[in-house]
Amino acid sequence: MYERELAAIRRSGRFRAPTMADPTAIDMASNDYLGLAHRKKLLKRACRRVAAYPWHGPKSSLFVGGYHPIHRNFETALCEANGFEAGIVAGSGFLANLGLIEALVRRQDLLFIDESYHASGMVATKLVPGRVIPFAHNDPEDLIQKMAETPASGRRIIAVEGVYSMEGDRLKEAFFAIAEWFDALMIVDEAHSGGTVGPNLLGVFDHYGIAPGPRHIKMGTLGKAYGSYGAYILGSEEVISFLHNRAKPLIYATAPSLLDIALAHEGFDYVVSRTERYRRKIERLKDVAREATGRRPEGMIVPIPMPDNETALRIRDRLREEGFEVGAIRPPTVKEPILRVILRTAVKPKAYRRLFRRIAEMAAPDHGDL
């Protein structure tokens, strides 16, 4: 039924299939930035947390009795740590972005969205009744120009990321000022910056010393630095209450897994209590990446350009044979193919030195054994 389409995908070098990680390889591909997905003590504590209640499954929607003390306690902890008034947990980052954008952008509103925003946000833009205006990636001047030349009869909303998942660059501070100048709501997807950026490892609000206000909305995921699965949205009481009443992926989905939220809470508390230790490890790994690439990463993502899809896949596969797991990211996820190396504090700096050396050797034009 879809043979021709699949054949075209294969010919273009864009074919995908589920990939199981090799447990014997060095993981430099996953988003488990702080290695919490391997800490069994956190899992045991989360199990005890869930077992303290009569039921271990959410059973229904957040709004039909599925809301649980485990959800509420985690929302409270996130709000207190990040300085927001209110929060809500979600089943995944994809659902959180989908719900946020679909709900908040009403008919007279304008949504200005970074052209590199996550696919979940881009899917959501197809569902909104308001006008959607993409702007050049992480470019404050382009956003200012487009906001200035586009009159708005309703709200202005800006959607950006704290650290971009493919480029690896950090959101520029100027975007916070732009939101103030234009009296715009600001959605910040902190999926890749929460737990990895800022003096308290809380993300770009923390990094820039921005005190959250009524115009700020923070979304974050739990399946990266916090070693679990799910997501959260933080904002003002008004915004969160509006999402309670309009965000379809929150209203019409079973509430998030109690075990996942309990595990994320354990991971969050673990990071908060060991912030300085993790910051030192992160800085050491960034030093290694700078030595190898000439550029210091702003987050934990190091994209290495590849000349074509085939080369990216060959180098990835060869590295896998040598015991290194990295990602080969190809269009349409990115404009040009890259090897995506993730800095993980559970991996020793010397392993990254070996990895970057091997990539440089394999990518050299005269390298004959590929």
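The values are calculated or read from the model by the stated rules, or taken from the named source; none is laboratory data. Everything numeric in this text was worked out from a predicted model, so none of it was measured. Every residue, glycine as well, gets a Cβ built from its backbone with ideal geometry; the counts of neighbours run over all protein chains shown. These area figures cover heavy atoms from the full protein model, side chains too; ligands, DNA and RNA do not enter into them. Shrake-Rupley method; radii C 1.70, N 1.55, O 1.52, S 1.80 Å.
Quick one: in the stretch 51-88, which of the residues that are under 15 Å from residue 241 (Cβ atoms) and touching a helix residue (DSSP H, G or I) at 6+ places or on another chain (Cβ under 7 Å) is surrounded by the fewest Cβ atoms within 10 Å (Cβ to Cβ)?
63
Name the residue, out of 30, 61, that is over 30 Å from residue 333 (Cβ atoms) and within 25 Å of the chain's Cα centre (by Cα).
On the way: 30 fails: over 30 Å from residue 333 (Cβ atoms).
Only one candidate qualifies: 61.
Tell me the strands (runs of 3 or more DSSP E) entirely within the stretch 81-138 that contain at least 1 residues that are at pLDDT 95 or above and under 15 Å from the mean Cα position of the chain (by Cα). First the steps, then the outcome.
Numbers: elements: 86-90, 110-114, 131-135.
Ranges flagged: 86-90, 110-114.
Evaluate the stretch 249-268: report whether one residue or more is open to solvent by 40 Å² or more (accessible area, probe 1.4 Å), in a helix (DSSP H, G or I), out of contact with any Ser or Thr (no Cβ under 9 Å at 6 or more places or on another chain) and modelled with pLDDT of 95 or more.
Going residue by residue through the stretch 249-268, those that are open to solvent by 40 Å² or more (accessible area, probe 1.4 Å) are 252, 254, 257, 259-260.
Remaining after also requiring in a helix (DSSP H, G or I): 259-260.
Retained after the next criterion (residues that are out of contact with any Ser or Thr (no Cβ under 9 Å at 6 or more places or on another chain)): none.
No, the stretch 249-268 contains no residue that is open to solvent by 40 Å² or more (accessible area, probe 1.4 Å), in a helix (DSSP H, G or I), out of contact with any Ser or Thr (no Cβ under 9 Å at 6 or more places or on another chain) and modelled with pLDDT of 95 or more.
Name the residue, out of 80, 3, 85, that is more than 19 Å from residue 262 (Cα to Cα) and out of contact with any strand residue (DSSP E or B) (no Cβ under 9 Å at 6 or more places or on another chain). Walk me through how you get there before you give the answer.
On the way: 80 fails: more than 19 Å from residue 262 (Cα to Cα); 85 fails: out of contact with any strand residue (DSSP E or B) (no Cβ under 9 Å at 6 or more places or on another chain).
Every option except 3 fails the conditions.
Given the options 197, 160, name the one that is among the β-branched types (Val, Ile, Thr) and over 15 Å from residue 97 (Cα atoms).
Details: 160 fails: over 15 Å from residue 97 (Cα atoms).
Step by step, each of 197, 160 is checked, and only 197 is among the β-branched types (Val, Ile, Thr) and over 15 Å from residue 97 (Cα atoms).
Please specify each residue of the stretch 193-225 satisfying the condition of being in a loop (DSSP other than H, G, I, E, B), open to solvent by 10 Å² or more (accessible area, probe 1.4 Å) and out of contact with any His (no Cβ under 7 Å at 6 or more places or on another chain).
From the stretch 193-225, those in a loop (DSSP other than H, G, I, E, B) are 193-203, 209-215, 222-225; that's our starting set.
Still in the list and also open to solvent by 10 Å² or more (accessible area, probe 1.4 Å): 198-200, 202, 209-215, 223-224.
Matches in the stretch 193-225: 199, 200, 202, 209, 210, 211, 212, 213, 214, 215, 223.
Just name the residue that is most open to solvent (accessible area, probe 1.4 Å) out of those in the stretch 127-140 that are free of Cβ contacts under 8 Å to residues at least 24 places away in the same chain and under 17 Å from residue 169 (Cα atoms).
So the first thing to find is which residues in the stretch 127-140 are free of Cβ contacts under 8 Å to residues at least 24 places away in the same chain, and the list is 131, 133-136, 139.
Those still in the list that are under 17 Å from residue 169 (Cα atoms) too: 135-136, 139.
Working: 135: 2, 136: 31, 139: 51 Å².
Only one residue fits best here, namely 139.
Restricting the search to the stretch 18-37, which residues are at pLDDT 95 or above and either open to solvent by 80 Å² or more (accessible area, probe 1.4 Å) or in a helix (DSSP H, G or I) (or both)?
Correct list: 36, 37.
Restrict the check to the stretch 183-191 and report whether at least one residue is surrounded by fewer than 17 Cβ atoms within 10 Å (Cβ to Cβ) and not hydroxyl-bearing (Ser, Thr, Tyr).
First, pick out the residues of the stretch 183-191 that are surrounded by fewer than 17 Cβ atoms within 10 Å (Cβ to Cβ): 183.
From what is left, the residues that are not hydroxyl-bearing (Ser, Thr, Tyr) are 183.
There is at least one residue in the stretch 183-191 that is surrounded by fewer than 17 Cβ atoms within 10 Å (Cβ to Cβ) and not hydroxyl-bearing (Ser, Thr, Tyr).
Tell me, which residue of the stretch 312-348 that is out of contact with any strand residue (DSSP E or B) (no Cβ under 7 Å at 6 or more places or on another chain) and closer than 22 Å to residue 169 by Cβ is surrounded by the fewest Cβ atoms within 10 Å (Cβ to Cβ)? Spell out the reasoning first.
Narrowing the stretch 312-348 to residues out of contact with any strand residue (DSSP E or B) (no Cβ under 7 Å at 6 or more places or on another chain): 314, 317-322, 330-335, 345-346, 348.
The next check asks that each one be closer than 22 Å to residue 169 by Cβ; those that pass are 330-335, 345.
Numbers: 330: 21, 331: 12, 332: 8, 333: 15, 334: 18, 335: 11, 345: 21.
Among those residues, the one meeting the criterion is 332.
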